[in-house]
Structure formats: C-alpha cells, structure tokens
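The values are calculated or read from the model by the stated rules, or taken from the named source; none is laboratory data. A quick note: this is a predicted structure, and the numbers were derived from the prediction, not measured. Cβ sites come from the backbone with ideal geometry, for glycine too, and all protein chains shown count toward neighbours. For accessibility, only protein heavy atoms count, side chains too; no ligands or nucleic acids. Shrake-Rupley method; radii C 1.70, N 1.55, O 1.52, S 1.80 Å.
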Amino acid sequence: MLVHSRRAHACVWAAFLVVFLPVFALPFLVIVAASFATGWSGALPSGPTLGHYRDVVRGDALDALVTSLLTAVMASALALALGTWAALSAHALRGRARRVMDVLFMLPVAVPSVVVGLSLLVAFSRPPVLLNGTPAIVVLAHTVLVTAFAHQSVTAAAARLDPAYEQAAASLGASPAHVLWRVRLPLLLPSLSAAAGLCFALSMGELSATMMLYPPDWLPLPVKVFAATDRGALFSGAALAVVLMATTLLVLSAVARIRTKATYR
C-alpha cells in the first residue's frame, strides 16, 4: 500500500527474498531435507529414506509427541484461564496496583527459563507440595512460562473494548457475571484464541526448564530431539523436529480458523 511503482514493488520483494530465504526459510528447508537423508557428505543430502519417519510413528517418539501435545494443551488452558483472569482484574485497577500485577505476570519471561525450572524444582521437591518427579511439575513450568503471553494479549484486547456494550447490558439489569460471560468474553474471543495458539506453540517448543524437571515417564518431544542430536543421530533428530513443527503448525492453523470464524460471526 505504501509502494506505488512497479520498480519499487520489485525492489521490496527482492529485499524480502534476500532476507527471508537465507535467514528464515533455508534453515527449515535444511532440517526437512536432513529428515529424509541417511548421509550428508556434499552440498546435498544423500541416501533418501522414510525410515526416520517410520520410527517416529511407533515407540518412544510417538509417546513423546503425545506427551508434548498433552502438556501444551493443559499448560495453554491453565495459562489462558490465569492470564485472562489477571488481565480482567488488572483492567479494573488503577495506578501502582495495575503496574505491580503486570510486573508479577511478566517476571517469568524476564528471566531465563532455566531459572524458572530451578525455582520450581527447589520449591516443589519437599512436602507439603511434592511435585518433583511427576508430570504435574512439567505442566506447571510450562504454565508459568506462557501465562505472561496470555496476560499481555488479553490486556491489550481488554483495553480496546468499547465500554458502551457492558454499560448497555448493565443498564438493562444484567448482573456483573452475566456481563462477563455474555458480553465481555465473547468480545474477547478472537484475542483469547490467538493467546491460546501462542501459548500452545511456546509450550510445544519449550526445552530449557523441561530438561531440569521432566520425569522418565513424561518425556516431551523437544527433549527427545535434543537427546537424538546430542548422541549424533542428526537425521533422526531432524525428523522429530519436522514432526514437532508440523504438529504445531496444524494446531495453529486450526486455532486461526476458529479465530477467523469468531471474528466474522
């Protein structure tokens, strides 16, 4: 819209391709190519095979994918509930109280995720709340790490809401709970779905805190990718990474469709 001449359009597209291809597209293409290879001694991979993907659909790799999906779904749901509650609560506050709440919810993303993992490990390794060695501590870590993004997304959306809708509902006798469930949350639904998708994607790829906390019977897929590449199985790790990316993109595409329908309903 800001570029009018054909030559300027061509220059913009050329600059975009120069930046996009080597910085963003090429690394992903390399991972995809490596996932179908048994060797890579030259400029291109050699020994094309589907064996790495056959290994993914059975055994530990499939269990790790299911574990990642369950962890991401639970963490996203918890983060969305907590982040939405905090955002709507903070919206009713003023001044220092609102700033304090924003800082508290943004704190986990202001420190390295390994620090979050260590803090949870220390906090929940002894009674009365003993979570160390259970799947719950992994879900909790992911929830802590992604809640800030849900909180910020809903906070921004709540600030843009027209208060006239809520005032009209209240003037007609609707209770605060009715206004929340029938007016406010439906208006926030597009932002809620976007926040849910972001939280899911971040949880699916989280590694640092997970490495410190996961029990042997709850192995997420990013940890398995790291373990495969760490022992030198680069092509198997590439296949696992492609499956992780594809699964995340499929879920995000589904969330985007839901968001689009909610926006134009």
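Values as computed for the structure displayed
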item	result
Matching helices (runs of 4 or more DSSP H) fully within the range 1-102 where at least 1 residues are buried (at least 16 other Cβ atoms within 10 Å of the Cβ), in contact with a Pro (Cβ under 9 Å, 6 or more places away or on another chain) and touching a residue at least 24 places away in the same chain (Cβ under 8 Å)	26-35, 60-91
Among the candidates ALA157, ALA164, ALA136, residue that is farther than 30 Å from VAL225 by Cα, of a type in the set (A, V, I, L, M), out of contact with any helix residue (DSSP H, G or I) (no Cβ under 7 Å at 6 or more places or on another chain) and part of a helix (DSSP H, G or I)	ALA164
Any chance ALA37 is among the hydrophobic types (A, V, I, L, M, F, W, C) and in contact with a Phe, Trp or Tyr (Cβ under 9 Å, 6 or more places away or on another chain)	yes
Test set (1) modelled with pLDDT of 90 or more; (2) out of contact with any helix residue (DSSP H, G or I) (no Cβ under 8 Å at 6 or more places or on another chain) - PRO127 fails condition number	(1)
Residue count, the range 223-242 (criterion: under 18 Å from the mean Cα position of the chain (by Cα) and either modelled with pLDDT of 95 or more or of a type in the set (Val, Ile, Thr) (or both))	3
Residue check for ALA157: among the aliphatic types (A, V, I, L, M) and within 22 Å of the chain's Cα centre (by Cα)	yes
Residue count, the range 209-230 (criterion: aliphatic (A, V, I, L, M), more than 15 Å from VAL243 (Cα to Cα) and open to solvent by less than 60 Å² (accessible area, probe 1.4 Å))	4
Breaking point among (1) crowded, with 18+ Cβ neighbours inside 10 Å; (2) under 17 Å from ALA87 (Cβ atoms); (3) out of contact with any Leu (no Cβ under 6 Å at 6 or more places or on another chain), for ALA157	(3)
Filter pass, VAL144 being hydrophobic (A, V, I, L, M, F, W, C) and at pLDDT below 90	no
From ALA136, ALA123, residue being farther than 18 Å from TRP218 by Cβ, assigned by the TED database to the domain that holds SER203, open to solvent by 40 Å² or more (accessible area, probe 1.4 Å) and not polar (S, T, N, Q)	ALA123
Test for VAL111: is it at pLDDT below 90 and either open to solvent by 40 Å² or more (accessible area, probe 1.4 Å) or not assigned by the TED database to the domain that holds TYR214 (or both)	yes
